[in-house]
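Accompanying notes for the structure given below.
The values are calculated or read from the model by the stated rules, or taken from the named source; none is laboratory data. The model shown is predicted, which means the values in this text are computed figures rather than measured ones. Cβ sites come from the backbone with ideal geometry, for glycine too, and all protein chains shown count toward neighbours. These area figures cover heavy atoms from the full protein model, side chains too; ligands, DNA and RNA do not enter into them. Shrake-Rupley method; radii C 1.70, N 1.55, O 1.52, S 1.80 Å.
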Amino acid sequence: MPDYVISPPPVPYVPVQGSSAVFPVRRIFCVGRNYAEHAIEMGSDPTREPPFYFAKPADALVINGADMPYPSATKDLHHEMELVVAIGAGGVNIGVGDALKHVWGYCAGLDMTRRDLQGEAKKTGRPWDMGKGFDQSAPMGALIQAGSFDPSKGKIQLNVNGAQRQVSDLSKLIWSVPEVIANLSTLVRLEPGDLIMTGTPENVAAVQRGDLLEGFVEGVGEVRTKIV
């Protein structure tokens with residue numbers, strides 16, 4: 001064992017439904033603008049241009065329904081409801097037809113976004129990191145094992161304070177889950193423990209302190225957090 005000069009940080013993890021076991025998280029990759037209607041509302045072309053990615057640190061996770069503190073340096077915190085893919089077998093240059101063999105499981109997640117910081121970064125051509133990868137920016141529900149779940153279809157929805165805010169279907173993904181895995185694996189070697197947030201539907205909007213966010217993906221499960 002190395003003689004660390006400081007104590008190493010704990011390994012971030014996502015719980016597994018119906019189990020005391022947990023899934024250790026290595027990296028969190030996010031796909032940008034992967035639903036046509038969301039691409040349009042963000043002022044982009046919804047055609048199948050090559051997917052692009054940004055990242056969140058693994059320790060940005062908020063799990064087990066814990067509250068999410070309203071982050072500093074923003075007045076425009078937005079929700080983005082997503083299907084999350086957990087990679088269980090690594091690989092590079094993965095074929096689309098083999099992609100789902102690399103999936104351990106799925107969960108529901110929220111890509112929380114400091115939209116004002118992201119918007120300024122877009123205008124100036126700077127990285128999105130501080131708009132997307134801030135502390136506690138990735139609330140996630142418990143994972144299900146892949147099993148027979150079909151990520152090509154299924155309702156995805158987010159309610160805020162009990163009122164429907166986002167709703168769509170996984171069939172409306174511009175780039176499907178296998179296509180995203182295959183494409184991302186040409187850019188980095190995917191490893192066990194990687195999470196991929198697959199994009200959000202339309203009607204992203206601001207939230208405030210006190211708001212309760214409850215999302216679900218049909219056949220996968222729920223994610224819940226309160227903004228405090």
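Computed over the chain, the per-residue total of -39500 (n - 2.57) for DSSP H runs of n ≥ 4 gives a 222 nm mean residue ellipticity of -3000 deg cm²/dmol, rounded to 500. Calculate the tail of P(r) for the chain: the fraction of all Cα-Cα distances greater than 24 Å, expressed in %. Of all Cα-Cα distances in the chain, 40 percent exceed 24 Å.
Across the range 137-145, rounded Karplus estimates of 3J(HN,Hα) from the backbone phi angles (6.51 cos²θ - 1.76 cosθ + 1.60, θ = phi - 60°) give 9, 9, x, 9, x, 6, 7, 9, 5 Hz, Gly and Pro being marked x. Fully extending the segment from Thr186 to Val167 would add 3.7 nm, taking 0.36 nm per residue of separation and subtracting the current Cα-Cα distance.
Cα centroid separation, the range 1-15 to the range 193-228: 28 Å. For Thr47 and Arg126, the FRET efficiency from 1/(1 + (r/R0)^6), where r spans their Cβ atoms and R0 equals 25 Å, is about 0.50.
Of the peptides 79-88, 212-221, how do they stack up when ordered by the mean number of other Cβ atoms within 10 Å, highest first?
79-88, 212-221
Between Asn64 and Ala89, residue separation times 0.36 nm minus the direct Cα-Cα distance comes to 6.5 nm. Extending 7 Å from Cα along the Cβ direction at Ser148 and again at Ala55 yields two label points whose distance is 3.8 nm.
Along the range 168-184 the Karplus relation, 6.51 cos²θ - 1.76 cosθ + 1.60 evaluated at θ = phi - 60°, assigns HN-Hα couplings of 6, 9, 4, 5, 8, 4, 5, 10, 5, 4, x, 5, 5, 4, 4, 5, 4 Hz to successive residues, with x for each Gly and Pro. Among the listed pairs Lys101/Lys153; Lys75/Lys155; Lys122/Lys226; Lys75/Lys123, those whose Cα-Cα separation exceeds 22 Å are Lys75/Lys155; Lys122/Lys226.
At a Förster distance of 35 Å, what's the computed FRET efficiency of Val22 paired with Asp76, Cβ-Cβ distance as r, to 0.05?
0.60
Taking the protein heavy atoms of the chain in the context of the full set of protein chains, the accessible area attributed to carbon and sulfur is 52 percent at 1.4 Å. For the peptides 136-142, 94-100, 69-75, the ranking by mean Cβ contacts within 10 Å, running from highest to lowest, is 136-142, 94-100, 69-75.
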